[in-house]
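Encoded as structure tokens, the structure appears first; notes follow it.
Every number here is computed from the coordinates shown, using simple stated rules; none is lab data. Because the structure is predicted, anything quoted here is derived from the model rather than measured. Cβ: placed from backbone, ideal geometry, glycine included. Neighbour counts: every protein chain shown.
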Amino acid sequence: MKRKKIDGATALGFPTWAFVVFFFIMPLLLVLWYSFGYKPDLFTAHSNDILSLDRYAEALDATFIGTFWNTLKIGVIGTFLCLIIAVPFAYWMAVKLDPKWRALALALVLVPFWTNFLVRTLGWQIILSPRGFLSDFLQNIGLIDGRLDILYTQTAVQLGVVYNYLPLMILPLYVAIDRAGRPLREASADLGANRIRTLFQVTLPLAAPGIAAGSLLVFIPLMGDYITASVLGGAQGNMIGQLVASQFNTAQNWALGSAMAVLLMLFIGVAVGVCALVALVIRYFVRRSRRVVFLGGAA
């Protein structure tokens, strides 16, 4: 029999497939397998000799549901704030900024990613400290009367997640707006549209793929973040990632922690699906309102 040759493209793509299989699919299947087990005793973290769905029923308690809704609120608000901040910044970089300075601007956006995530978050702990320089500055200019008191609250977590995930929104938006191209904006101006109308009817609709990509890149990892909540939130800024991590690290109940992780992934998938459905409905009605009907007759 003739042996089938492996072409160059397949060989070059093997490392990517290997990475996906070994660092995504296999860990996901392992967590799913652990979720069917149980904690047999105080000193054993996990056992799968008896399989059941009891851990899922145990995970769906009031604490998990309440923490999930709190996390969803932080995730939605954080994604929205990142979008509101990123749109004008990406537009400025792609349209207004001189091309010779764009590489520098992109490098400055990427600078936070060159620093450890935990170190960046600890930096905000110092900034938001009641005795930190921001608290002293706000008191000196008369904006607040006493010490700044937002550390270890949900507000601090919200600030932290927006700071940590904002570059993930800016980069795809910049690429999408840059690809929209100057000729279409100039054509819109030639047809009588002002800058605001061009932005909302030409630039942003063409940048919709970048908005969708940026929203997913921010929302999905944000929902599983537990470092920001642990460092800045305390008890008031609790997020679902902390709850899952505590089952693995503190309670040593890997089965329950795995069930919580699987439920979290399912809930995130449902939330993303609902948002995608709403976006499709909005796009349908927007396109319908813009539809042009040509009346029959001689030209």
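Couple of notes before you dig in:
- Here the Karplus curve 6.51 cos²θ - 1.76 cosθ + 1.60, taken at θ = phi - 60°, turns the phi angles of segment 222-230 into couplings of 4, 5, x, 5, 10, 5, 4, 5, 5 Hz, with x standing for Gly and Pro.
- Distant-in-sequence amide contacts of residue 47, defined by a placed amide H-H separation under 5 Å and a gap of 5 or more residues or a different chain, comprise 38.
- Förster radius 22 Å - calculated FRET efficiency between residue 92 and residue 24 (Cβ-Cβ, nearest 0.05): 0.05
- Residue order, fewest to most surrounding Cβ atoms within 10 angstrom, among 16, 203, 228: 16, 203, 228
- Segment 75-134: trypsin sites (Lys or Arg not before Pro) in DSSP loop, at most 13 other beta carbons within 10 Å: 131
- Cβ-based charge dipole, the chain, positive-most Cα from 273, 51, 37: 273
- Per-residue Cβ neighbour rank within 10 angstrom, fewest leading, 225, 41: 41, 225
- Net charge in the neighbourhood of residue 135 (other residues with Cβ under 10 Å of its Cβ; Lys, Arg +1, Asp, Glu -1) is 0.
- The radius of gyration of the Cα set in segment 77-238, together with its Dmax, comes out at 18.7, 56 angstrom.
- In order along segment 97-109, the phi-based Karplus estimate (6.51 cos²θ - 1.76 cosθ + 1.60, θ = phi - 60°) of 3J(HN,Hα) comes to 6, 4, x, 6, 9, 5, 4, 5, 5, 5, 4, 5, 5 Hz; Gly and Pro are listed as x.
- Listed values for segment 190-199 are Karplus-derived 3J(HN,Hα) couplings in whole Hz (6.51 cos²θ - 1.76 cosθ + 1.60, θ = phi - 60°), namely 5, 8, x, 7, 7, 5, 5, 5, 4, 4, and x replaces Gly and Pro.
- Whole-percent pair-distance distribution, where bins are 5 Å wide, for the alpha carbons of segment 28-162: 2, 8, 10, 11, 12, 13, 13, 11, 7, 6, 5, 3, 1
- Put simply, the chain fits an ellipsoid with semi-axes of 40, 31, 21 Å; these come from the alpha carbon gyration tensor as the roots of five times its eigenvalues, largest first.
- The chymotrypsin sites (Phe, Trp or Tyr not before Pro) found in segment 34-129 that occupy coil by DSSP, while having at most 13 further C-beta atoms within 10 Å, are 43.
- Within the shell of other residues whose beta carbon sits under 14 angstrom from the beta carbon of residue 98, the net charge comes to +3, with Lys and Arg scored +1 and Asp and Glu -1.
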